[in-house]
Amino acid sequence: MSTIGSFEGFQPVSLKQEGDDQPSETDHLSMEEGDQDKTPVLREISRQSSVTKSTLLPNPYHQPYISRKYFVTRPGAIETALEDLKGLITETSEETIQGFWLLTEIDHWNNEKEKILLVTDKTLLVCKYDFIMLSCVQVQRIPLSAVYRICLGKFVFPAMSLDKRPGEGLRIYWGSPEEQSLLSRWNPWSTEVPYATFTEHPVKYTSEKFLEICKLSGFTSKLVSAIQNAHKNSTGSGREKELTVLTRPILIETYTGLMSFIGNRNKLGYSLARGSIGF
């Protein structure tokens, strides 16, 4: 009687079918161990353990990824806007565009608004462009011959103001602030303000392209030159006015500033991705 566990008399049986020339995995391993010099090809296709690597990407809500939230930085957005505005100018006038810039306008209530500025030989165009829908919403035309003063400097506020901003800007005057009505001065939606204030756009340092078109110094030099030429060619009553360029603080006369506090911190004046809803 045979003892359980004894394997005498048993022979290993190959499961390879007749006509199957491919060695099994067991045969392959045996061949690789037995004769390494004669089976270089088989050695190359031996099983290798897979390695999985997990990489933690940077936080998308930190710079420079935060710049992608601005729709103006999306591929082709600024180029489409410029083509649209060129077509608009061609339809309404025969003026020649001398340059364009992407800046932030600061209204008389300290609210930030994303604007495209175009300088022609006769006009400064301040354009509100919707970079989400890729359409021009509003265009303000300022005759260059009417501009008589430009101020450059840091922003200052009344001593009792609760909403102050750092930085520098530029203010363009085509009318006297003293002649502005009291209603217009204290109306946050008034369009009868005789000046406009600008500063650099937040996406300035995202690329070389935006570094050029968001530079306030480049816009200022081109604007001053265009205004001086417009004054020389003007035949109206403002011809005797000379352009004055001053370096002094720019006053923004706001006190409580609740609207600008909420709007500026949430970037409501920009075409911006506000985040996703849902999962």
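Probe radius 1.4 Å, ligands and nucleic acids ignored: give me the carbon and sulfur share of the accessible area of the stretch 67-169 as a rounded percent.
Here carbon and sulfur together make up 55 percent of the probe-accessible area.
Using only the heavy atoms of the protein chains and a 1.4 Å probe, how would W101, W189, W174 rank by accessible area, largest first?
Solvent-accessible surface, decreasing: W189, W174, W101.
Ignoring everything but the protein chains, give the 1.4 Å probe accessible area of I132 in square angstrom, nearest 10.
For I132, the solvent-accessible surface is approximately 90 Å².
How much area per residue is accessible in the stretch 55-178 when the probe is 1.4 Å and only protein heavy atoms are counted (Å²)?
52
Just check the stretch 146-213 against the gyration tensor rule for me: Cα atoms, a ≥ b ≥ c as the square roots of the eigenvalues, rounded for a/c under 1.5, and otherwise prolate or oblate depending on whether a/b exceeds b/c.
In terms of gyration-tensor shape, prolate.
Roughly how much of R248 is accessible, in Å² to the nearest 10, using a 1.4 Å probe?
100
Keeping all protein chains in position, work out how much accessible area E95 exposes to a 1.4 Å probe, and write it in Å² to the nearest 10.
40
Ranked from the most accessible area to the least, with a 1.4 Å probe and all protein chains present, what is the order of D163, D121?
D121, D163
Return a whole-number percent for the relative contact order of the stretch 65-144, with Cα pairs under 8 Å and 6 or more residues apart as the contact set.
23
For Cα pairs less than 8 Å apart in space and 6+ apart in sequence, what is the mean separation divided by the residue count of the stretch 107-254, i.e. the relative contact order in percent?
Relative contact order for the stretch 107-254 comes out at 32 percent.
Counting only protein chains, not ligands or nucleic acids, how are F157, F219, F261 ordered by accessible area (probe 1.4 Å), most first?
Of F157, F219, F261, the descending order of accessible area is F261, F157, F219.
Between S190 and K154, what is the FRET efficiency for a Förster distance of 25 Å, r being their Cβ-Cβ separation, to the nearest 0.05?
After rounding, the FRET efficiency stands at 0.50.
E178 to R68: extension gain in nm, 0.36 nm per residue of separation minus the Cα-Cα distance?
Gain in length upon complete extension: 35.4 nm.
The values are calculated or read from the model by the stated rules, or taken from the named source; none is laboratory data. All figures in this text were calculated on a predicted structure; none of them were measured in a lab. Counting neighbours? That spans all protein chains shown, and the Cβs are built from the backbone with ideal geometry, glycine included. The area values use the complete protein model at the heavy-atom level, side chains included, leaving out ligands, DNA and RNA. Shrake-Rupley method; radii C 1.70, N 1.55, O 1.52, S 1.80 Å.
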